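A quick write-up on the structure given underneath.
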Amino acid sequence: MPALVDAHCHLGDPAFDGDRAAVLARAAAAGVGHVVVTAESLVGSSRAATLAREHPGLSATAGVHPHEAASWDAAAPPRLRELLAAPELVAVGETGLDYHYDHAPRSAQRAAFEGQLALAADLGKPVVIHARDADDDMAALLREWGGRVPLVLHSFAGSRALFTAGMEIGAYFSFSGMITFKNWRPAVPPSEYPADRLLVETDAPYLAPVPHRGHRNEPAFVPDIVTALARQRGASPDALARQTSENARRVFGNRIATSLASREDPA
Ligand SMILES: [Zn+2]
């Protein structure tokens, strides 16, 4: 299988504190050429940035998750801007709306999300989006911002309405281990997604794919997700691997391209 990109992994999570180097070694052995280390808070953004600075096979995002949106204040945008100035910082996020858990007031979630969309548009970086049970507000914001900044809908399992809104603005759809679950009943069949909009991710340490379900997830499990997605699309896993890595290069940029090239051609 061609080198894979894990487009969304919380590698800074304390769940990896005991064996992060071994996790990275297993990822490389499994053919994962690059991991986008995704942040969920300001502290997490600093941690992700440090990891990416230390490893050429990693890049990082900086942002505030909707669960943490109550922490969004005037100090957040300049701090994120400062982190995002580094070349290994490839996207803003994860940010978005989660009306399922409502861990932060919805008005705070919208304010934090719109603040991060504005920052990303200003910096010319893509936005990694978490969307759960907020389809109407999310579709409206996708349509408002989609022309200004590339948007990635992570661990996508949305409604047809959200799929349609994403398609209208050329969003990327990132598939996680959820597609391997026995109870996976997609609103939109995976075969309907255009190949050039697809990404794959673990969302580790969460959402371990079958046959690892119930255990900690890690980037080495990306091939299980590619295999499942290929089967559901009636495509070859190799072609899907090549396509999703190409898509990751297109949306996240040169850092990923350089990392994969050095892996394919260790000169
Ligand atoms: Zn995540």
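The values are calculated or read from the model by the stated rules, or taken from the named source; none is laboratory data. These figures come from a predicted structure and were not determined experimentally. Backbone-built Cβ (ideal geometry, glycine too); neighbour counts: all protein chains shown. Just the protein is used for accessible areas: all its heavy atoms, side chains included, with ligands, DNA and RNA removed. Shrake-Rupley method; radii C 1.70, N 1.55, O 1.52, S 1.80 Å.
Could you say whether any residue in region 225-248 is of a type in the set (Lys, Arg) and under 21 Å from His130 (Cα atoms)? First the steps, then the outcome.
Of all residues in region 225-248, those of a type in the set (Lys, Arg) come to 231, 233, 242.
Adding the requirement that they be under 21 Å from His130 (Cα atoms) leaves none.
There is no residue in region 225-248 that is of a type in the set (Lys, Arg) and under 21 Å from His130 (Cα atoms).
Can you find, within region 4-36, the residue that is farthest from the ligand (Cβ to nearest atom) among those that are within 13 Å of Phe221 (Cα to Cα) and assigned to a loop (DSSP other than H, G, I, E, B)?
The selected residue is Gly31.
For His100, are the conditions met, namely being under 19 Å from Asp13 (Cα atoms) and either surrounded by fewer than 23 Cβ atoms within 10 Å (Cβ to Cβ) or away from the ligand (no atom under 15 Å from the Cβ) (or both)?
Working: under 19 Å from Asp13 (Cα atoms): no; either surrounded by fewer than 23 Cβ atoms within 10 Å (Cβ to Cβ) or away from the ligand (no atom under 15 Å from the Cβ) (or both): yes.
Considered against the rule, which asks whether it is under 19 Å from Asp13 (Cα atoms) and either surrounded by fewer than 23 Cβ atoms within 10 Å (Cβ to Cβ) or away from the ligand (no atom under 15 Å from the Cβ) (or both), His100 comes out as no.
How about region 37-47: which of its residues are in contact with a His (Cβ under 8 Å, 6 or more places away or on another chain) and either of a type in the set (Ser, Thr, Tyr) or more than 16 Å from the ligand (Cβ to nearest atom) (or both)?
Matches in region 37-47: Thr38, Ser41.
Check every one of the helices (runs of 4 or more DSSP H) wholly within region 194-267 and list those with 2 or more residues that are open to solvent by 50 Å² or more (accessible area, probe 1.4 Å), touching a strand residue (DSSP E or B) at 6+ places or on another chain (Cβ under 8 Å) and touching a residue at least 60 places away in the same chain (Cβ under 8 Å).
Values: elements: 222-233, 237-252, 254-264.
Correct list: 254-264.
Mind telling me which of the residues Trp184, Trp145 ends up being at negative phi, surrounded by fewer than 16 Cβ atoms within 10 Å (Cβ to Cβ) and out of contact with any Cys (no Cβ under 9 Å at 6 or more places or on another chain)? Don't jump to the end; show me each part of the working.
Numbers: Trp145 fails: surrounded by fewer than 16 Cβ atoms within 10 Å (Cβ to Cβ).
When all the criteria are applied, what remains is Trp184.
Checking the structure you have, find out if any residue of region 70-85 is within 15 Å of the chain's Cα centre (by Cα) and not in a loop (DSSP other than H, G, I, E, B).
Here is the first cut: in region 70-85, the ones within 15 Å of the chain's Cα centre (by Cα) are none.
Checked region 70-85: no residue is within 15 Å of the chain's Cα centre (by Cα) and not in a loop (DSSP other than H, G, I, E, B).
Let me confirm something: among Ala112, Ala118, Ala76, which residue is in contact with a Gly (Cβ under 8 Å, 6 or more places away or on another chain) and open to solvent by less than 60 Å² (accessible area, probe 1.4 Å)?
Sole residue among the options that is in contact with a Gly (Cβ under 8 Å, 6 or more places away or on another chain) and open to solvent by less than 60 Å² (accessible area, probe 1.4 Å): Ala76.
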